[in-house]
Amino acid sequence: GTPRTSPERPRPRCFSMRNSPMFGARRLSLLISLACLRRAVLGEEVITWANDSMAAAGATIPTGRAAFASTLQADTGPLDSKLWLFGGLVSFTTFSRQLWSYSLVSSEWEMEGAVGPSAAHGCQMVAVGRKLYIFGGAPALDGRMWIFDTISHLWSTVSTGYPGRSYHTMTRIDTTVFIYGGATTTTQPQLLTFDTILGTMSQPIISGTDPAARFEHSMSVFANRLYLFGGITIADSAFDTAVYELDACVGCPTNAWRTVSTTGVRPLARRGHTASVIGFSMFVYGGVDATGLYLDSVYMLDLRSFRWSRPY
């Protein structure tokens, strides 16, 4: 049947708050409320929005923020599954350098005390095993890869040989991290890869034409393929509704970007949204459209048929 949802929905929001017209008009905690995380749970027919208080009364939790980096450390065993959060905008002019973890088992927050990267917004982070990898972010545009060991609680850095960037994406397949797009001060390759085993960054050889350079887009992984959606182009500040696909496996026979032909109820072009793969579907939520309107819509793209639909 047609998926249904509960009547309670999250406020419209944008997870990358660059040049947001709402700064100064509302507190960021109203936009990104960490004390009331909304989670989309997909059942057989019903999609339900649920609140998660995340902490007992009086417990220490992160302040509300936007444009932070976050990642799920889920492949270290069910008892070690954690959501990690770094940096972000906590006010119009204040950036954070805090690293927090949220246990999906105990529902408790914990802030790490070790000093790591400088305060930043628009940075990105992925988890590979028991280590976190953080790259880029404004205003410093740090070109080093920062690595946090979640067992020893120690930071280390690797010089990548490439300048930093902000409002890019970081996605990983196995032990390889894929970095795409972002705002930079110099002309850079759009796609970079970081080998977490060797600790080296390189530019992969991609045939054909890359999608237009952009930032505040999303990148998702399904079946060893990368799916790029949305964002705003750097050259002409245009919004893009296309979905782009790239084979990302080692030794892929076709290593070229392709524009996916989609059908169904397509989403509006947007930036600063989220995109997550659950099962065979990519869920796109929130963001800002070309008119500056904050969106609360959820769209679902079936990655087998490439048909868009709206869960509600």
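The values are calculated or read from the model by the stated rules, or taken from the named source; none is laboratory data. Because the structure is a prediction, the values reported are computed rather than measured. We place every Cβ from the backbone using ideal geometry, glycine too, and count neighbours over all the protein chains shown. Quick note on the areas: whole protein, heavy atoms, side chains included, nothing else; ligands and nucleic acids left out. Shrake-Rupley method; radii C 1.70, N 1.55, O 1.52, S 1.80 Å.
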Study note, to complete from the structure: Karplus-derived 3J(HN,Hα) from phi for the range 241-249 (6.51 cos²θ - 1.76 cosθ + 1.60, θ = phi - 60°), whole Hz, x at Gly and Pro, runs 9, 6, 10, 10, 10, 9, 5, 10, 7
Revision key, fill the gap. Note, R270: beta-carbon cut-off 11 Å, +1 each Lys/Arg, -1 each Asp/Glu, net -2
Check your understanding: Principal axis lengths of the range 169-312 from Cα atoms, whole Å, largest first?
Key -> 44, 35, 25
Review point. Carbon-plus-sulfur fraction of the accessible area of the range 174-312, 1.4 Å probe, in percent?
Key: 55 percent
**Study point:** Tail beyond 17 Å, pair distance distribution of the range 125-227 (Cα, percent)
**Key:** 50 percent
**Study point:** Distance cut-off 19 Å, percentage of C-alpha pairs in the range 70-137 lying past it
**Key:** 33 percent
Check your understanding: Dividing the Cα convex hull volume of the range 109-157 by residue count, how many Å³ per residue is that?
Key -> 85 Å³
